[in-house]
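All remarks here apply to the structure that follows.
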Amino acid sequence: MAKVGFIGLGNMGGPMAGNLVDAGHEVIGFDMAPGAIEAATERGVEVVGSAAEAVAVAAVVFTMLPAGTHVRQVYLGEDGILAAAPKGTVFIDSSTIDVATARAVHEAASALGHDMLDAPVSGGVAGAEAGSLTMMVGGTAKAFSRGTPYLEVVGGKVVHAGQAGNGQVAKVCNNMILGISMLAVSEAFTMGEKLGLDPQTLFEISSTSSGSCWAMLNHNPVPGVVEGSAASRDYAPGFAAGMMLKDLKLSQEAAALSNAATPLGAEATALYTLFVNAGNAAKDYSAIVKMIRGESG
Ligand code: NAD
């Protein structure tokens with residue numbers, strides 16, 4: 001069993017760190033939010049006073065931070081963890097961040113003799129608690145093989161997506177599909193209703209026809225159509241619209257970086273910006289159906 005550093009013990013990082021403790025690892029964590037520190041301590045994480053201290057004796061280090069600016073600061077800033085860790089440490093950044101920052105941190109890690117993986121996740125807080133996250137992983141084959149035993153503790157499915165940054169590429173591609181398809185489902189179900197078609201009937205037909213998609217089947221935006229959906233509990237998240245907007249913005253940064261044309265991704269980003277700016281950041285992202293119906297603004 002290994003000493004594992006864990007920086008960022010929030011809604012996702014806290015339970016992930018707890019699962020590493022349950023698997024028998026000695027987890028040394030750092031966060032500055034009192035609530036996160038308390039919850040992680042209760043899960044058996046030894047919380048120390050700085051990120052540098054948390055990585056000083058670790059063989060493996062996870063980070064689960066809000067955004068690219070936090071990742072740059074924690075890895076590369078004053079008292080950064082790359083400089084503080086023993087040479088040859090395996091770093092696993094599971095934050096959802098921009099591809100350019102992910103690749104810059106990989107480069108810096110490699111220059112200092114470390115192995116690095118970007119390993120963003122899908123599955124939300126429930127997946128983090130259950131240890132069933134889908135992990136999309138970028139980095140060298142060597143780094144992937146060294147990180148896999150730890151990734152398999154926090155994730156139910158671990159996929160090597162290729163070179164440095166490709167985990168983040170997979171994440172933004174996936175979530176751009178989700179944002180666009182939620183809008184398509186919302187438009188179609190709204191139009192059907194306006195033309196007198198019962199949403200449950202449309203679901204019965206479309207769910208086994210060519211228009212079927214994951215957003216329709218699992219996060220259907222019409223209340224009552226799918227049992228257990230956010231729509232069926234007044235759009236309590238689930239996956240908050242503010243987080244969908246964050247990921248869509250990252251998809252547009254990635255599109256600019258690669259000169260890829262993503263007109264539907266751009267439109268989805270604009271529509272979610274309108275929705276979030278109207279005070280809906282904390283609602284489930286499927287609540288955008290209300291804006292499509294003209295019910296909120
Ligand atoms: P969160 O805000 O609950 O947790 C982030 C934690 O990082 C906080 O506790 C914060 O205090 C800590 N932090 C910030 N700066 C720090 C620093 N310099 N040093 C140490 N700790 C610091 O966020 P979360 O929901 O856990 O999300 C984390 C990441 O996972 C984000 O990138 C998010 O996009 C991604 N993600 C979240 C979900 C979800 O459902 N919550 C799903 C998939 C991916």
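Short-range pairs are left out: with C-alpha atoms under 8 Å and at least six residues apart, the relative contact order of segment 118-182 is 37 percent.
Amide H to amide H, with H built 1.01 Å from N, residue 61 comes under 5 Å of 5, 90, 91, 92, counting only residues 5 or more places away or on other chains.
Placing dummy labels 7 Å off each Cα toward the beta-carbon, the span from residue 57 to residue 132 is 3.6 nm. Each Cα pair under 8 Å and six or more residues apart adds its separation to the average, and for segment 55-160 the resulting relative contact order is 22 percent.
Note on the chain: Cα-Cα pairs beyond 35 Å make up 23% of the total pair count.
Computed from the C-beta positions of residue 278 and residue 253, the FRET efficiency with R₀ = 22 Å rounds to 0.40. Oblate is the label for segment 1-58, because the ratio a/c of its alpha-carbon gyration tensor axes (a ≥ b ≥ c) is 1.5 or higher and a/b is not greater than b/c.
Considering segment 1-146 at the alpha-carbon level, its Rg and Dmax are found to be 13.6, 37 Å.
Only sites in a loop by DSSP and with at most 11 other Cβ atoms within 10 Å count here; which GluC sites (Glu not before Pro) in segment 215-287 make the cut? Listed in order of number, the matching sites are 227. With a ≥ b ≥ c the root eigenvalues of the C-alpha gyration tensor of segment 200-297, is it rounded (a/c under 1.5), prolate (a/b larger than b/c) or oblate? Because a/c hits 1.5 or more and a/b fails to exceed b/c, segment 200-297 counts as oblate. Computed from backbone phi with θ = phi - 60° and the Karplus coefficients 6.51, -1.76 and 1.60, the 3J(HN,Hα) list for segment 252-260 is 6, 5, 5, 5, 5, 4, 9, 6, 8 Hz; x is used for glycine and proline.
For the chain, the Cβ-based charge dipole about the Cα centre amounts to some 460 debye (Lys, Arg positive; Asp, Glu negative; other atoms uncharged).
Across segment 277-293, computed HN-Hα scalar couplings (Karplus, 6.51 cos²θ - 1.76 cosθ + 1.60, θ = phi - 60°) run 5, 7, x, 10, 4, 8, 7, 4, 5, 6, 5, 4, 4, 5, 5, 5, 6 Hz from first to last residue, x flagging Gly and Pro. In percent, rounded to a whole number, the relative contact order of the chain is 12, using alpha-carbon pairs under 8 Å and six or more apart.
Taking R0 as 35 Å, what's the FRET efficiency between residue 73 and residue 295 from their Cβ-Cβ distance, rounded to 0.05? Efficiency for this residue pair is about 0.30.
3J(HN,Hα) couplings calculated from phi for segment 72-86 with the Karplus curve 6.51 cos²θ - 1.76 cosθ + 1.60 (θ = phi - 60°) are, in sequence order, 4, 5, 5, 7, 10, x, 4, 6, x, 6, 5, 6, 7, 8, x Hz; Gly and Pro show x.
Subtracting the Cα-Cα distance of residue 270 and residue 107 from 0.36 nm times their residue separation leaves 55.4 nm of extension gain. Nearest 5 percent is fine: what portion of the DSSP beta bridges confined to segment 53-127 is antiparallel? Counting only bridges with both partners in segment 53-127, antiparallel ones make up about 0 percent. Secondary structure note: in the chain, about 15% of the DSSP beta bridges are antiparallel.
Taken together, the values in this text are just the output of simple stated rules run on the coordinates, not laboratory data. Owing to the predicted nature of the structure, the values given are computational and were not obtained by experimental measurement. Here the Cβ is made from the backbone with ideal geometry for all residues, glycine too, and neighbour counts use every protein chain on show.
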